[in-house]
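The values are calculated or read from the model by the stated rules, or taken from the named source; none is laboratory data. These numbers come from a predicted model, not from an experiment. Methodologically, a virtual Cβ is constructed for each residue, glycine included, from the backbone with ideal geometry; neighbour enumeration extends over all protein chains shown. Keep in mind that these areas ignore ligands, DNA and RNA; they rest on the heavy atoms of the full protein, side chains included. Shrake-Rupley method; radii C 1.70, N 1.55, O 1.52, S 1.80 Å.
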Amino acid sequence: MRLMPALAFGLALCLVLSRPSPAATCTDTVFVDTIAEAAWVNLDVSPAQGTRGVRDALRQAQSQHPTQPVRIRLAPGSYADNLGSEIYAQRLLRSASSPIWLQATDPRPNATVLGHGINLLGVSYLAIEGLTIGPETVGAWSGSAHADPQPLQTAAGIHVAGAARNGRSNANQGGVLNTAVYGQFEPAHHILVRRVTIQNLFGRDERDGETSEGQNMDGMKFNQVTDLWVLDSSVRQTTRHGIDNVGVHRAAFCRNLVAQSGGGLGIEAKGGSVDVLYESNTFYRVRRVELGGEDTDATYYMSADGRWDYEALRTVARNNLIVDAREAALEFSGCQDCVAVGNSIVFTAAYQAPSAGGEVFGGDALRAHDSRVLAAPDGAGSDCQTWDESAQDYVTVDPCWGVGANAPAPINRVLRNANLTVVNNLFSAEGGSFGRGGGAVVPCPLNASGGTAPISFNANYWWNGGQALPLAACSPLSEGPASRFPGGSAPIVGGSVEASSTARLSASLLDALAPRAGSPLLGLAIAHPSQAAYDRLGAPRGNAVGALVNVDARADRVFSFAERFYPQFFPGFVPSFLLSGYYVRHYPAAQNYIGAANGRLYLLGPALTGGQVLDYGALDDWMATVRAAGH
């Protein structure tokens, strides 16, 4: 019996949603990497076809090859915007055996550049890899305009969204909310964004994204998405959020760089988000890194359990570098069962807390406050997209489910923090910025307001440039017995940050945040179930505090460089380990090893080296290339 397309999709979606799925991790083998090379149907696109060629290839993949795995291969070059809008595609409903892979054949940053953003609605098993969205640089700023090249204007570099299920149905039953209708979504699912560069998204009349007043362009945005991986990508100079997530379940954000985002957050996951992992990312001069989020419109909250009482459940932030955050490095907002473990939070010696009228309003290490569900009078949206089977199209419904962000929807609910843990982290103000301000408000180790949830602290190392931590005007810091607050000596190498390019920024932060010889971070950590077994660079963690554990990390930096730029030989991320006197990583799919011993680099693999261990030179000789590439 042949099922109608909509019925088949509905049954498949029910199976996806009813089957328990493990939380996403940074070491998962993602769906496109399980497809045999010979199985792919290849569609080739050239820069001369512009963004229209990319959109048309997505449509062709769906219409002509609905049950086959399709790889859309973009040749290097610039794809001019010949659509006048985002690259939009919808209803690309694929399976694990028939994904769509939008892939740059040259995955280096700035090699394959799209002239507009990507907007995907109601999609599944879709991967985006190796693309650059936005210009590498913008022209000189005159005070009112830029010379060419111009920044890119797009709502988001990449936007992926699910859709309301039965959005035209009425959930208001005599003043009682029918939750079998309201808040039900057909989520986008199994989405991969890997090795993508998004940069310089702001208005032509704005100096840059970080100082923008427009605040309307996100680097990446995911709404109602399940099973999501964002890996090895960068977002820099966007006017709003770096990465915005609303109603995401089972998501892993790993080894990304988010820098100099504007009025939004470096990253957030709110609106009923569940099992979200922020691991081994670098955040530089973002407003905050948020566990939970800044209030959620009622219409867009996707509940996994019908509770409607949290922004996020089981968010874990670990192995991250958070440097010179403008308002606060980490903030818990409506987050329950959430953990920050093994991160390095650093305010450099050059850091200046933001202020207005002489009053400081940033520079905190930690903040915690409750959130809430917003209603239409607060400005919350009530519209949604829902599938119209007769029109074979998504249509806008307002108000969604006959209610939107109005009563009897669960509006104005307080979403409280609960069961928060902060353990094995480094908090360092290199120039002693904690407690230094021009008025009654000062940068604080902890600023907790609008909620009473206790935070469990332990084994954290605090450094304030050799000065005491402030007590006045700050929330009490109830540290555990294994913590040092403040510690007795400087924990990291320190030094200046080189932000003239994304690669230089990333490399200089790794240099500056490395533990110094004899660092007090070594040997301080305690066991915790959410702690990764490896550090930010993939080194065995041992019992060190913070995101970086090795004084000498040359080998891991070279290994990470190889994974990023030679994935055909070293596919995916794997941690390092010791083997027969070598410090190595093993890639079973390629049968290759990369390793180091006595300061030298070695490779081994049946095709790569003919099965012989070959010497590829001194690690020191590789470091200039590795740093230039951002590792």
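Across region 215-255, Cα-Cα distances exceeding 15 Å account for 41% of all pairs.
Along the chain, the longest continuous region that contains none of the GluC sites (Glu not before Pro) in a DSSP loop with at most 13 other C-beta atoms within 10 Å is 390-631. Among beta bridges identified by DSSP and lying wholly in the chain, the antiparallel ones come to about 20 percent. Each Cα pair of region 308-363 feeds into the Kirkwood radius, which the Stokes-Einstein equation turns, at 20 °C and 1.002 mPa s, into a diffusion coefficient of 165 µm²/s. Quick check on region 361-422: take the gyration tensor over C-alpha atoms, sort the square-rooted eigenvalues as a ≥ b ≥ c, and tell me if it's rounded (a/c under 1.5), prolate or oblate. It is prolate, given that a/c is not under 1.5 and a/b is the larger ratio. Here the 3J(HN,Hα) profile of region 171-185, calculated from phi with Karplus coefficients 6.51, -1.76 and 1.60 at θ = phi - 60°, is 8, 8, 10, x, x, 10, 7, 8, 7, 6, 10, 5, x, 8, 10 Hz, Gly and Pro shown as x. Prolate is the label for region 407-509. Its Cα gyration tensor axes, ordered a ≥ b ≥ c, give a/c of at least 1.5 and a/b above b/c. Taking every alpha-carbon pair under 8 Å whose residues sit at least 6 apart, region 307-353 reaches a relative contact order of 48 percent.
Projecting the Cα atoms of Asn119, Ser144, Ile198 onto the charge dipole of region 112-212 (Cβ charges, centred on the Cα centre) puts Asn119 farthest toward the positive pole.
What the Cα convex hull of region 229-279 gives, in volume per residue, is 56 Å³.
Apolar share of the accessible surface for region 172-226: 38 percent from carbon plus sulfur atoms, 1.4 Å probe. The Cα trace of region 454-579 gives Rg and Dmax of 16.9, 55 Å, the first to one decimal, the second as a whole number. Of the listed residues His528, His146, the order by accessible area with a 1.4 Å probe, largest first, is His528, His146.
Electrostatic bookkeeping for Gly572 treats Lys and Arg as +1 and Asp and Glu as -1; over the other residues with beta carbon under 9 Å from its beta carbon, the sum is -3. Shape class for region 545-631: rounded, because the ratio a/c of the largest to smallest gyration tensor axis (alpha-carbon atoms, square roots of eigenvalues) is under 1.5.
For the pair Ala468 and Gln568 in one chain, pulling the backbone fully straight at 0.36 nm per residue adds 30.9 nm over the alpha carbon distance.
In the set (i) 36.4; (ii) 66.8; (iii) 29.2, the label that goes with mean projected area of the Cα convex hull in nm² computed for this structure is (iii). In order along region 620-631, phi translates into HN-Hα couplings of 4, 6, 8, 5, 5, 5, 5, 5, 4, 8, x, 10 Hz, rounded to whole numbers, per the Karplus curve 6.51 cos²θ - 1.76 cosθ + 1.60 with θ = phi - 60° and x for Gly and Pro. The mean sequence distance of close C-alpha pairs (under 8 Å, at least 6 residues apart), as a share of the length of region 127-184, puts its relative contact order at 21 percent. The residues neighbouring Asp33, those whose beta-carbon lies less than 14 Å from its own, together hold a net charge of -2 under the Lys/Arg +1, Asp/Glu -1 convention.
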